[in-house]
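Encoded as structure tokens, the structure appears first; notes follow it.
Laboratory data are not the source of any read-out in this text; all were calculated from the coordinates shown. Computed from a predicted structure; not experimentally measured. Here Cβ is always computed from backbone atoms with ideal geometry, including for glycine, and neighbour counts include all displayed protein chains.
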Amino acid sequence: VKVLKFGGSSVADGIQLEKTRKIIESDPDRRYIVVSAPGKRFEVDNKVTDLLYLCKTHMDQNLPYDQLFQVIEDRFNAAKMNLGIDVDLQKHFDVILQNMKNGASADYIASRGEYLSAVLVAAYIGYDFVDTAGLILFDRKGRLLAEETNRALSAELSKHEHAVIPGFYGSDRETGEIVTFSRGGSDITGALVSRAVNADMYENWTDVSGFLMADPRIVKDPRPIDRISYKELRELSYMGASVLHEDAIYPCRVENIPINIRNTNQPEDPGTIITAEEETSEKIVTGIAGSRDFTVIAIYKNMLAAEKGFVRRILMILEDFDISIEHMPTGIDTISVVLADSAIDGRLDEILEEFNAQLKPDNIEVFEDISLIATVGYGMNRRAGVAARLFTALADAKVNIRMIDQGSSEMNIIVGVENGDFENAIRAIYAAFS
Ligand code: ADP
Ligand code: MG
């Protein structure tokens, strides 16, 4: 059994849907299909999910949104007409509009792109449509209930030889209300389905021929990665390599289901295979990924190492602000915390005030507008001098390093650089290790 997930570009219009159908039909094992909402058809186009969020914004501001929703209807209707699909979409549009009039939640509205996409694709390829509301289950805090979900999905899917399943959402176990994952969450749905049907392979079909050593929007023609371990991939996904959602890895890893990233526009390419195998290549660095907009707060205090409970107090202060720490590099008399600007949410002064009041440090230094870049690879702990090579490459590119952290394992070095140096730094590291 193979589970396939098709991303937004693979279901963007009739032309893409035809490619998708050919891929599914070319292998009888391809029995469970997870679909995203239609993505962009060309550079300046909108993603259906973005249009849906815009509808919600208009709703909240009492602005008209029916023309906006009409644009969405038109996109689905055009694909339906182009491919001659026999399906009544109008009845679904009517239900959605009615729910919007009754003040539907943002999650419900946002999820309708995947819902409609799955209805359309199911009719097109003749598979059953299986909704995930009531199968993918969340608690009241919006956290996935992984084991219950696995049981519910497994029981339902065993009744269907073939199914098309909408990505991105499930429902609250108690209220039944729709709950979405974060953006890119259809990858998670595909992984949950793979686990539930005990798939032999999870194929994730997108618009690139697999994982590349670096973001192709930053590095020109980066080398493709043939094989990579779950662990390395998780580090890269977490750090911003957006090809696969970071939470899509766990459900496959527990059942040892290989993930294959493939290109819908070039289905003959083998793509990237992700497995538990740890040392899969001769290369030192497997991949480089990063993201922008962090703040580093460095806390200095003499004899800090001797002071008990210091780290705990830092964590407690941040917990009161409901902020989780991205990284916490430590020195002899310093501890730094790296926080996402989105988590700080304009409260930096208040946080510093609490640090000063409760920790009584000798000094606090703040570095704003920082990007984090992770260089990942099992080869890194096999060879000496990797770190030196990385820092030399950055120095030669005139990039100032604001922070260094050895990541969660020896196969990961994280550097903090100024946002303005982000792309240069990635290019320099890539050039040093490719
Ligand atoms: P989908 O809609 O199919 O889920 P995404 O846009 O989420 O596709 O992910 C694919 C995109 O990820 C690629 O088009 C590419 O621009 C981007 N990307 C970022 N980092 C990498 C990388 N290391 N390798 C390949 N693609 C990357
Ligand atoms: Mg994606």
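Could you tell me the calculated FRET efficiency between residue 220 and residue 255, based on Cβ-Cβ distance and R0 = 41 angstrom, to the nearest 0.05?
Working: r = 37 Å, r/R0 = 0.91.
The value I calculate is 0.65.
Is the C-alpha gyration tensor of the stretch 154-224 telling us rounded, prolate or oblate? Criteria: a/c under 1.5 is rounded; beyond that, a/b larger than b/c is prolate, otherwise oblate. It would help to have the intermediate numbers written out before the result.
Values: a/c = 3.61, a/b = 1.74, b/c = 2.07.
Cα axes put the stretch 154-224 in the oblate bin.
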So what is the orientation-averaged projected area of the stretch 287-433, using the convex hull of its C-alpha atoms, in nm²? 9.0
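Averaged over all directions, how much area does the convex hull of the C-alpha atoms of the stretch 1-97 cover when projected, in nm²?
Mean orientational projected area (the stretch 1-97, Cα hull): 7.2 nm².
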Treat each spin label as a single point 7 Å out from the Cα along the C-beta direction, and report the residue 352 to residue 101 distance in nm. 5.3
Tell me, what is the FRET efficiency for residue 306 and residue 1 to the nearest 0.05, using R0 = 41 angstrom and their Cβ-Cβ distance as r? 0.10
Tell me the angle of helix 66-83 to the major Cα principal axis of the chain, expressed in degrees between 0 and 90 and rounded to the nearest ten. 60
Note on the stretch 287-433: contact order normalised by length, alpha-carbon pairs under 8 Å, 6 or more apart, percent, works out to 30
J(HN,Hα) series, the stretch 356-364, from Karplus relation 6.51 cos²θ - 1.76 cosθ + 1.60, nearest Hz, glycine and proline x: 4, 5, 8, 9, 6, x, 6, 6, 10
Mean ellipticity per residue at 222 nm, deg cm²/dmol - from DSSP H runs of n ≥ 4 across the chain, formula -39500 (n - 2.57): -11500 deg cm²/dmol
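How much length is gained on full extension from residue 277 to residue 343, taking 0.36 nm per residue of separation minus their Cα-Cα distance? Let's see the in-between values first.
Values: separation 66, 0.36 × 66 = 23.76 nm, distance 3.43 nm.
Using 0.36 nm per residue and subtracting the Cα-Cα distance, I get 20.3 nm.
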If one takes the longest principal axis of the Cα atoms in the chain, at what angle in degrees, from 0 to 90 and to the nearest 10, does the Cα axis of helix 422-433 lie? 80
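To the nearest 20 Debye, how big is the dipole of the chain about its Cα centre, given +1 on the beta carbon of each Lys and Arg and -1 on that of each Asp and Glu? All intermediate terms of the calculation are to be shown ahead of the outcome.
On the way: 46 positive and 68 negative charges, 145 e Å.
Approximately 700 debye in magnitude.
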A 28 angstrom limit on the alpha carbon distance is what I want to check against. Which of 56/91; 19/283; 56/231 exceed it? 19/283; 56/231
What ranking do 386-393, 212-219, 362-369, 161-168 get when scored by the average of other Cβ atoms within 10 Å per residue, highest first? 161-168, 212-219, 386-393, 362-369
Gain in span if fully extended, residue 404 to residue 158, counting 0.36 nm per residue against the direct Cα distance: 83.7 nm
Does anything in the stretch 287-322 have its amide N under 18 Å from the 7 Å Cα→Cβ label point of residue 182, and if so which residues? 289-296, 319, 321-322
Distance-filtered residues of the stretch 187-212 - backbone nitrogen under 18 Å, label point 7 angstrom along residue 434 Cα→Cβ: 208-212
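Can you give the Kirkwood hydrodynamic radius for the stretch 349-414, in Å, rounded to one decimal and based on Cα pairs?
On the way: mean 1/r = 0.0693 Å⁻¹.
Hydrodynamic radius (Kirkwood, Cα pairs) of the stretch 349-414 is 14.4 Å.
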To the nearest 10 degrees, the tilt of helix 186-196 (Cα long axis) against the first principal axis of the alpha carbons of the chain is 80
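Would you please name the trypsin sites (Lys or Arg not before Pro) within the stretch 106-175 that are DSSP coil residues with at most 14 other C-beta atoms within 10 Å of their C-beta?
Numbers: sites: 112, 140, 141, 143, 151, 159, 173; in loops: 140, 141, 143, 159, 173.
Passing sites in the stretch 106-175 are 140, 141, 143, 159.
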Cα-based reach from residue 398 at 17 Å (exclusive), listing aspartates and glutamates while leaving out same-chain residues under 8 positions away: 418, 421, 423
From fewest to most C-beta neighbours within 10 Å, the residues 92, 245 line up as 92, 245
From the P(r) of the stretch 199-342, can you give the percent of Cα pairs sitting at distances over 24 Å? 47
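Determine Rg/Rh for the stretch 1-48; Rg is computed over alpha-carbon atoms and Rh is the Kirkwood hydrodynamic estimate from the same atoms. Show your work: numbers first, answer last.
Values: Rg = 11.5 Å, Rh = 11.1 Å.
For the stretch 1-48, the value is 1.03.
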Straight-line reach from residue 301: which aspartates and glutamates fall under 13 Å, measuring Cα to Cα and dropping same-chain residues less than 8 apart? 333, 362, 365
Placing one identical point scatterer on every Cα of the chain and ignoring solvent, what is log10 I(q)/I(0) from the Debye formula at q = 0.06, 0.09, 0.13, 0.14 Å⁻¹? -0.29, -0.65, -1.21, -1.32
Can you compute the modelled spin-label distance between residue 148 and residue 330, with each label point 7 Å from Cα toward Cβ, in nm? 3.7
Hey, which lysines would be in cross-link range of residue 159, C-alpha to C-alpha under 19 Å, not counting anything within fewer than 8 residues on its own chain? 2
Any idea what log10 I(q)/I(0) is at q = 0.10, 0.12 Å⁻¹ for the stretch 2-207, Debye with uniform C-alpha scatterers and no solvent? -0.39, -0.57
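How high is the FRET efficiency from residue 83 to residue 141, r the C-beta distance, R0 60 Å, rounded to 0.05? Provide the component values of the computation, followed by the final result.
Numbers: r = 41 Å, r/R0 = 0.68.
E between residue 83 and residue 141, to the nearest 0.05, is 0.90.
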